[in-house]
Amino acid sequence: MKKILYITASFLIVSTAGLLAGYLESGKSYYMYKKYDKAMEMLRKAAETGDYGDAYYFMGEIEKNRGNYQEAVNHFKNCVKKKNTTRKYLKNAYWDILLLEEQRGDTEGVIRICKEMWHRLGDYSAKKKIESMINKSLWTENQTAISEYNEGISLRDSGRAEEAAARFRNALRNDPSFLAPKFELGMSAYKSGRLDEAASYMGEIASRINYYGEVHLILGDIYYRKKNYQAAASNFERVFDFGMIDKETEYATRIKRAECLYATRSYEKSAEDADRALSIKPGSVRPMLILSAVRIKQGDYDSALKILSRAGSIKPDSRQIHFQMGSIYYKKGDPKYINHFDKLYDLAKNKKTDKYSRVFTLLAAAHYDKKNFRRSSEIISSIPEKSLNSESSVIGARAAYMIGEYEKSVHFYEKSSPSGEDRLMFAKACARSGKMDRARTAVANFQYDEALMKKAKSDPDLSGISEKIERERAARSNSGGSPK
């Protein structure tokens, strides 16, 4: 039975191929003799028979000869969409689309087709056409301006950058609309890190040549570095529309746009770019981190952990991986977060960064609860002073006290507003570090808290201070003075 089915299927395939060849050859024959109606009939049947583009190419030629240009373009576009098209007809179809789009004045359409043709066929003439269109838009007919510009190029190539810039500015004085010198001045500013100046020049060029992919790539990077993520993403979009970029540049640009889109909360689009970047470099950790960050934002912690586990197997000492994994486990209430934040701390403790201040506070609190006081104190002490808040200061004060570093304990308490039992510990730290005046002030403030005052009276470090305060208060009361 299987053999019969196989023979039947093979017969159908051969029959279909035969029908296609018959219809296509008949259509081509009628086309050659300019019997267009009959040719169209055969070519339509050929197009319906299989996923081949040759029939669409000849239908496009017929409609072009009839003067039906939109119908012709539609057929040529169908031709280039098909995977199975004779290369000669595929290339001709692309050029026919280009010519017809040019006649309609659709410059951006021409650029898109050239780009597609370049990537699909590797046709250098398509790339040259784009370069020719861009160069024409950059140029001028002012001969004096051209002469100044050419002098500037010679000076630039000989390493005399300042003199070159002066020539380019002279060219602009002769023709302010001449874009080529603006490009050179913009590139010079960009390479020197003068980003605002570079953006001014490149922005003017982009506004007049919207399909200039290289300029949009530079503008996108400028805005990315300036953290203007909306503008950066917009320019990177134009790069993908019109830029003739290689895979390495596409990867870098996908990553940057993914980060821009993430920053502007376009999470799914960010994930799409990260996926594309990952398809270019399957072992790259950076797009994995973007994908996991998106999944975390979406609350899909399990998917994020799978991505991060894969990333961790590639780059086990990545701070960002441990930060994200620790954050997920903390949100899930899983104590595994401590291991990841510990690893993060060990990797980042010499960096003097406040980026992880919040998670280090959580980590220090966890170690304090586990009575790892020295580790807790070490972690809090690594946080820059400007990033300490009341919570982290209190943890630091407690941990320092527990390991006998009373001066440090006082230092941290004075950066917070201790309450409850921490007021007692603060007073004890002051006493143990020899700061008796501060200890006395702290104990005196217990007068409205009987529980704390009772503990102070029974505490060996504070009993003498509390008793003296009580005697002084009694003496003032007996002499008619008001208690302080």
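Since only Leu462, Asn142, His216 are under comparison, the one whose Cα sits farthest along the positive direction of the charge dipole of the chain, derived from C-beta charges on Lys, Arg, Asp and Glu, is Leu462. Built from the Cα atoms of the chain, the convex hull projects on average onto 41.9 nm², one quarter of its surface area.
Rank-order 123-130, 236-243 by packing density, defined as the average count of other C-beta atoms within 10 Å over each peptide's residues, highest first. List each step's numbers first, then the result.
Numbers: 123-130: 16.5, 236-243: 20.4.
Descending packing order for the listed peptides: 236-243, 123-130.
Run lengths n ≥ 4 of DSSP H only: what is the helix-derived mean residue ellipticity at 222 nm for the chain, with -39500 (n - 2.57) per run over all residues, to the nearest 500? -25000 deg cm²/dmol, from helical runs alone.
Return the subset of Lys81/Lys256; Lys35/Lys64; Lys115/Lys226 for which the Cα-Cα distance in this structure is over 21 Å, preserving the input order. From Lys81/Lys256; Lys35/Lys64; Lys115/Lys226, over 21 Å: Lys81/Lys256; Lys115/Lys226.
For the range 391-437, the relative contact order comes to 38 percent (Cα pairs under 8 Å, sequence separation of at least 6). Between Ser390 and Asp275, the contour length at 0.36 nm per residue exceeds the Cα-Cα span by 37.3 nm.
For Lys408, a cut-off of 16 angstrom between C-alpha atoms picks up these aspartates and glutamates, skipping any fewer than 8 places away in its own chain: Glu378, Glu385, Glu391, Asp422.
So if R0 is 35 Å, what FRET efficiency would Arg194 and Lys297 give, r being the distance between their Cβ atoms, rounded to the nearest 0.05?
FRET efficiency, Arg194 to Lys297: 0.50.
When both the range 19-66 and the range 122-190 are represented by their alpha-carbon centers, they are found 48 Å apart. Around the Cα centre of the chain, unit charges on the Cβ atoms of Lys, Arg, Asp and Glu (plus for the first two, minus for the last two) sum to a dipole of about 1400 debye. Roughly how far apart, in whole Å, are the Cα centres of the range 413-454 and the range 220-281? Using only Cα atoms to place each centre, the spacing works out to 56 Å. Projecting label points 7 angstrom from Cα along Cα→Cβ for Asp354 and Glu163 puts them 4.9 nm apart.
Evaluate E = 1/(1 + (r/R0)^6) for Arg265 and Asp317, where r is the Cβ-Cβ distance and R0 equals 35 Å; express this FRET efficiency to the nearest 0.05. The partial results should precede the final answer.
Working: r = 30 Å, r/R0 = 0.86.
The computed FRET efficiency comes out at 0.70.
Taking the Cα centre of the range 140-245 as reference, the dipole from Cβ charges on Lys and Arg (+1) and Asp and Glu (-1) amounts to some 320 debye. Each of Glu450 and Asp369 was given a label point 7 Å from its Cα along the Cα-to-Cβ line. The distance between the two points is 3.4 nm.
Please list 382-395, 45-58 highest first by mean number of surrounding beta-carbon atoms within 10 Å per residue.
Values: 382-395: 16.9, 45-58: 21.1.
Ranked from most to least packed, the peptides come out as 45-58, 382-395.
The relative contact order of the chain, computed from alpha carbon pairs under 8 Å that lie at least 6 residues apart in sequence, is 4 percent.
Spin-label pair Lys35-Lys127: with each label point 7 Å from Cα along the Cα-Cβ axis, the two points sit 4.6 nm from one another. Computed from backbone phi with θ = phi - 60° and the Karplus coefficients 6.51, -1.76 and 1.60, the 3J(HN,Hα) list for the range 169-184 is 5, 4, 4, 6, 5, 7, 8, x, 8, 6, 7, 4, x, 5, 4, 5 Hz; x is used for glycine and proline. Each peptide in 136-145, 357-366, 215-224 was scored by the mean count of other Cβ atoms within 10 Å over its residues; highest first, the order is 215-224, 357-366, 136-145. Estimated at 0.36 nm per residue, the fully extended path between Met436 and Lys227 surpasses their Cα-Cα distance by 70.1 nm. Label reach from Glu421 (point 7 Å along Cα→C-beta): in the range 427-454, amide nitrogens under 14 Å belong to 452.
We did not get these values from a lab; they are worked out from the coordinates using the rules stated. Since the structure is predicted, the reported quantities are computational estimates derived from the model, not experimental observations. Neighbour counts run over all protein chains shown; Cβ positions are idealised from the backbone, glycine included.
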